[in-house]
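Structure first, commentary second.
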Amino acid sequence: MMELELLQSVPTTRRVSLVMTVLNEAAGVAGVLGTLAAQTRRPDEVIVVDGGSTDGTIELISRAAERNSTIRLIKAPGVNIARGRNIGITAAGGDVIVLTDAGCRLEPRWVQRIVAPFEGDPTADFVAGVYKIDPHDLLEAVVGLATMPGALEPVDPSTFNPSCRSMAFTKRLWERAGGFPEWLYTAEDTLFDYKVRRMKVNWHFAGNAVVYWRPRATLAAVYRQFRGYALGNGHIGEGLRDTLYHLRNLAVMVGLVFGGFFHGLLWLMAVVVFGYFHVHCHHRKSRRISAKLNTWRAYPLSLLVHWLVLLAGVDGQLRALCRRHCERRRYREKLNGYLEGVA
């Protein structure tokens, strides 16, 4: 593995700590550390928090740390992502925290560009970087274009909430926000973004700070990913209206299918309902994806991905709704407690 090195001299005024969490991601860690080696502005330290890997991830990071004293491994078996990030940030010595994920490929000037707003504006609190897809085949390309913000159209900086693939903030802001919400296993960065925006901090958008991210490689993995996202969003009370909309459409279609056994015309109506809500509504985007990838096969594959993501979202939201109902007090207290004092 390449060691981190400074390829060109960049004036710096802030101490920067890069933090990421890992769990059984040996290949992903090797990749992200490799692209860190090509950065025009390196972090002053790299803290990797491992949640209990058994695939050689720990050994790989340990060898990298032996060669480079700026890399530090923290073993924290059993922690979730939010807890792992909080552990890493607590241990960080920098006043600027930069976050990314294992498995990402960092553009060579990513660190320099995502840190630049802090260098130029002493009052800067938060910087949203961006990410682009790094697909290895047609399915991954379609998944990325169909689901990732900014893949087909530029994001709106005024409303874009970044994931921790490409994000930076001051350690002071993280302390004021109370860290990442450790009671969430997914959507922890969504709630952190939401809280930070409500705090009305000095927020910057770095549209040129790019991280490349590889979408899931199988349909089953896509389903699990978006079910997890929906589960986390459901826990914080986001996305329920969309879920009810989709549930209504699915219920109407299923009802018409069963009704068709008694009156054949209802089967035709079921086809019409499916065609409108599950083909027509996604037709334009699927055509754009097909045109961008220059293959007709992307069109049906895009529709399939949309249907899969829709079902995964309904699945995750219903699971979250059941948990919130069974543990109403816990989730209400956790959410209200995290957002407490935010204007």
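Couple of notes before you dig in:
- Taking the stretch 129-188 as the range and being assigned to a helix (DSSP H, G or I) and more than 30 Å from residue 336 (Cα to Cα) as the test, the residues that pass are 138, 139, 140, 141, 142, 143, 144, 145, 146.
- From the list 209, 141, 187, the one residue that fits, being crowded, with 23+ Cβ neighbours inside 10 Å and over 23 Å from residue 233 (Cα atoms), is 209.
- Of the residues making up the stretch 234-251, at least one is buried (at least 21 other Cβ atoms within 10 Å of the Cβ), assigned by TED's automatic domain parsing to the domain that holds residue 330, β-branched (Val, Ile, Thr) and in a helix (DSSP H, G or I).
- Considering (1) modelled with pLDDT of 85 or more; (2) over 21 Å from the mean Cα position of the chain (by Cα); (3) surrounded by fewer than 20 Cβ atoms within 10 Å (Cβ to Cβ), the lone condition that residue 329 does not fulfil carries the number (1).
- Unmet requirement for residue 232, which otherwise passes all of (1) under 30 Å from residue 120 (Cβ atoms); (2) touching a Ser or Thr at 6+ places or on another chain (Cβ under 6 Å): (1)
- Residue check, residue 151 modelled with pLDDT under 95, of a type in the set (A, V, I, L, M, F, W, C) and within 15 Å of the chain's Cα centre (by Cα): yes
- Matching residues, the stretch 153-184, being within 17 Å of residue 93 (Cα to Cα) and without any contact (Cβ under 8 Å) to a residue 12 or more places away in the chain: 175
- Among the residues making up the stretch 96-123, a single one is within 22 Å of the chain's Cα centre (by Cα), of a type in the set (S, T, N, Q) and over 12 Å from residue 166 (Cα atoms): 112.
- Residues of the stretch 212-227 that turn out to be within 13 Å of residue 315 (Cα to Cα) and either in contact with a strand residue (DSSP E or B) (Cβ under 8 Å, 6 or more places away or on another chain) or surrounded by fewer than 16 Cβ atoms within 10 Å (Cβ to Cβ) (or both), as a count: 1
- Going through (1) among the small types (Gly, Ala, Ser); (2) within 26 Å of residue 172 (Cβ to Cβ); (3) out of contact with any Ser or Thr (no Cβ under 9 Å at 6 or more places or on another chain) one by one, residue 124 falls short only on (3).
The values are calculated or read from the model by the stated rules, or taken from the named source; none is laboratory data. Not measured: the values here are computed from a predicted model. A quick note on method: Cβ atoms are made from the backbone with ideal geometry, for glycine too, and the neighbour counts reach across all protein chains shown.
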